[in-house]
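Below: the structure, in structure tokens.
The values are calculated or read from the model by the stated rules, or taken from the named source; none is laboratory data. Fair warning: this is a prediction, and the values are worked out from it, not measured in the lab. Note: ideal-geometry Cβ built from the backbone for every residue, glycine included; neighbour counts use all protein chains shown.
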Amino acid sequence: MGAKVSKAKRPKRRWIGITVPRTIQSRDTLQSTLQVSELAAFKIRLYDFHRADSDTARSSRNHCQIDDDVGVAVICVLLRDYDMVRAYFTSNTDSGFRSVSSSGKIRLVRERMGLPKPPRT
């Protein structure tokens, strides 16, 4: 077994906080929706997902001053894909997806969106 790869040599990532259309009610539905969209070419990992009717999503919408009845999610993309993924969320606002926040640290995205840190399992 080889030595552990140093942090500097690991792939760089960016986390993006997005709004999700009300019609998406589960993590699986969101993942499959992203897979059939223009974003299918990119490696996207879903970290947090809160349906539109959840208390957490309501709290986050209030925190971010979002009037629409939408869910919220946090996704992770590789740094090399970040500009293209962010451009997709900026240009396709009619699809219900919209970028709210992004950062190199998931903690900052969660704080900006008013999302709690999920419990460790």
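Restricting attention to region 55-70 and to residues that are touching a Lys or Arg at 6+ places or on another chain (Cβ under 8 Å) and surrounded by 14 or more Cβ atoms within 10 Å (Cβ to Cβ), the residue that is nearest to residue 111 (Cα to Cα) turns out to be 64.
Counting the residues of region 82-95 that are at pLDDT 90 or above and buried (at least 17 other Cβ atoms within 10 Å of the Cβ) gives 2. Residue 75 falls short of the stated requirement of being in a loop (DSSP other than H, G, I, E, B) and either free of Cβ contacts under 8 Å to residues at least 12 places away in the same chain or surrounded by 14 or more Cβ atoms within 10 Å (Cβ to Cβ) (or both).
Here residue 52 clears all of (1) at pLDDT 90 or above; (2) of a type in the set (Gly, Ala, Ser); (3) farther than 25 Å from residue 105 by Cβ; (4) in a helix (DSSP H, G or I) except the condition numbered (4).
Can you name every residue in region 14-45 that is under 15 Å from residue 101 (Cα atoms) and either of a type in the set (A, V, I, L, M) or out of contact with any strand residue (DSSP E or B) (no Cβ under 8 Å at 6 or more places or on another chain) (or both)?
16, 18, 20 - these are the residues of region 14-45 that are under 15 Å from residue 101 (Cα atoms) and either of a type in the set (A, V, I, L, M) or out of contact with any strand residue (DSSP E or B) (no Cβ under 8 Å at 6 or more places or on another chain) (or both).
Take the residues in region 14-49 that are part of a helix (DSSP H, G or I) and touching a helix residue (DSSP H, G or I) at 6+ places or on another chain (Cβ under 7 Å); name whichever of them is surrounded by the most Cβ atoms within 10 Å (Cβ to Cβ). Ranking the candidates gives 39 first. Note on region 78-114: residues that are closer than 14 Å to residue 39 by Cα, touching a Pro at 6+ places or on another chain (Cβ under 9 Å) and part of a loop (DSSP other than H, G, I, E, B) amount to 1. For the structure I just gave you, tell me whether residue 59 is of a type outside the set (A, V, I, L, M), touching a helix residue (DSSP H, G or I) at 6+ places or on another chain (Cβ under 6 Å) and either at pLDDT 90 or above or part of a loop (DSSP other than H, G, I, E, B) (or both). No: the conditions fail for residue 59.
Which one of these does residue 117 not meet: (1) surrounded by 14 or more Cβ atoms within 10 Å (Cβ to Cβ); (2) part of a loop (DSSP other than H, G, I, E, B)? Result: residue 117 passes all but (1).
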